[in-house]
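Working notes for the structure below.
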Amino acid sequence: MALAQNKSFCRPILLFAFGLGVAGLQVCPQLPDPTFSLFLLIFAVLAGYKCPRLAVFAAFFVGFAYCSVCAHFALANRLSIERSGDTGIAVVEIIDLPKYDVDQWQFQALIIESKSFPELTNRKIKLSWYRTKQKIAPGDIWHFQVKLRIPNGVQNPGGFDSEQRALQQDWVAQGYVKNQAEFLGFHYSIDRFRNQLSNQIARSLPAEKARFVQALGLGDTRYITDADWEVLRRTGITHLIAISGFHVGIVALFAIFCGQVMYRLLPKLGLFLPWPLASAWISIGASFAYTALAGFAIPTLRTTLMIVAFMAAKLLYRNISTIHAVALSLLAILLMDPFSILSSGFWLSFSGVLFLVAFMPVANSEGKLKSFMRAQWLVSLGLLPLSIGFFQQTTLIGPLVNLIAIPWISLVVVPLSLLGLLFAGIPSIATILWQCAYWCMQLLWSVLEMMQNMHWASMLIAQPSIWLVALALIGACLC
């Protein structure tokens, strides 16, 4: 009985209720008291365990209270208001991919040591470095004189929310580098490896040709211009640039195919690890490797966690449904980072999958082309309210463009970009593959530029309230 009761806490409805609780906190005008949040978290856990009939409500309040506790913890770790504007010395390590634009750098840094800001040790900050020709890279360790302030920004209605961005990125302060700067060495990291590969692509192709190969192969969107993003928005394929969850699935399938070939060439491998178990480990390893290469973006992380859920069930000889795998990946992401729910990518990624799971026929006798068109219609209709809510813009030609762009980018451009990365140690072969990826993308891009110039390609719509978006989502479900 106890075992059955414990299993009930992994039901998809409870996991989604937890997610709704995390989302529910975002509409509160202010954070609940931290003591109350901690009490509510403990009480909701106990109530759900002791009274299974209240488990759904308990899961909602667990998510609500958990996010509240995390928010209080994140705000408490920030630079204090009294110290905002102070100047001091810090030894920092550059993380993520720094962006250079017109003699200035924008980058994230981890404070390794600082006598001026000891409370920020091992915390992330966002820095700018103006009027410099100095080159920097992920993993570099610098001795900087910095001026820091609390993360904030202008609060104009409809404008960019800088403080929300800081909360998502876990920045405890932001500021800029002053006169003093000394290079101390570097640490090797996955971001440094990504940067090196991105630079190799840039050396192999002219700058204007490399940007999409860098984005689709490595998730490096630093060189995609505002004009490029406008074309992508007007044609409705922003979700395909950088790396989408579908690309992770392709990598996992390709890794399984390579594993199958190896097992056929070396059948004795099956004596050490049976192929069904080996395929599970291969797909998990390939998915995580590619997700790391993409910088752990939410769409890729969601797909990877879904693959892990499926394959873990396979390794444990259990059956798991698609909706259960989606719910488990949702729970994992929110437990690791509850503030990921603030990003548009989180909502668009999970909503698209849920619409497909909920409304695609289970036993489908349709042809592949008709099934693909049905899936595209479902996702386009389902994500329409969210797209308007987040971007105040919708594209009228998006469904048609996606019918061409999804298979072309996912099955042609991305594989060529990844094969180039695979042969990065042989520059002559890698360059040929990256050039082929560029020409294939350029062929599509010429079509996109032509279509986005049509005056009816997209519509701008006034920003709706969250309740209107929710009602529109219900309407989309009914349709």
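Would you mind calculating the relative contact order of the range 211-327 from Cα pairs under 8 angstrom and at least 6 residues apart, reporting the percent as a whole number?
Result for the range 211-327 is 27 percent.
Compare Arg318, Arg194, Arg302, Arg131 by solvent-accessible area with a 1.4 Å probe and give them largest first, with all protein chains kept in place.
The residues order as Arg131, Arg318, Arg302, Arg194, largest area first.
Could you order Trp467, Trp456 so the one with the most accessible surface comes first? Probe is 1.4 Å.
Trp467, Trp456
Name the residue from Ala227, Ile256, Gly245 whose Cα lies farthest towards the positive end of the charge dipole of the range 222-269, charges +1 on Cβ of Lys and Arg and -1 on Cβ of Asp and Glu.
Going by the charge dipole, the pick is Ile256.
Using a 1.4 angstrom probe and counting only protein chains, how large is the accessible area of Phe186 in Å², to 10?
Rounded to the nearest 10, the figure is 110 Å².
Relative contact order (percent) for the range 395-447, with alpha-carbon contacts under 8 angstrom and 6 or more residues of separation?
Reported as a whole number, the value is 33 percent.
Do the sum for the chain: with -39,500 (n - 2.57) for every DSSP H run of n ≥ 4, divided by all residues, what is the mean residue ellipticity at 222 nm, to the nearest 500 deg cm²/dmol?
It lands at -19000 deg cm²/dmol.
Give the residue from Gln145, Phe73, Val102 lying farthest towards the positive end of the charge dipole for the range 1-152; charges sit on Cβ (+1 for Lys and Arg, -1 for Asp and Glu) and the dipole is referred to the Cα centre.
Going by the Cα projections, it comes out as Phe73.
If contacts are Cα pairs under 8 angstrom and at least 6 residues apart, what is the relative contact order of the range 1-99 in percent?
32
Can you list the HN-Hα couplings for the range 182-194, worked out from phi with the Karplus curve (6.51, -1.76, 1.60; θ = phi - 60°), rounded to whole Hz and with x for Gly and Pro?
Here the 3J(HN,Hα) series is 9, 7, 10, x, 7, 10, 7, 8, 5, 5, 5, 5, 4 Hz.
To the nearest 20 Debye, how big is the dipole of the chain about its Cα centre, given +1 on the beta carbon of each Lys and Arg and -1 on that of each Asp and Glu?
It comes to approximately 920 debye.
Length gain on complete extension for the stretch Ile429 to Leu471, per 0.36 nm per residue less the alpha carbon to alpha carbon distance?
Going from the current span to full extension adds 9.9 nm.
The values are calculated or read from the model by the stated rules, or taken from the named source; none is laboratory data. Remember, predicted model here, so these are calculated numbers, not experimental data. With ideal geometry, Cβ positions are generated from the backbone for all residues, glycine too; neighbour counts draw on all protein chains shown. What goes into the accessible areas is simple: the full protein's heavy atoms, side chains included, and nothing from ligands, DNA or RNA. Shrake-Rupley method; radii C 1.70, N 1.55, O 1.52, S 1.80 Å.
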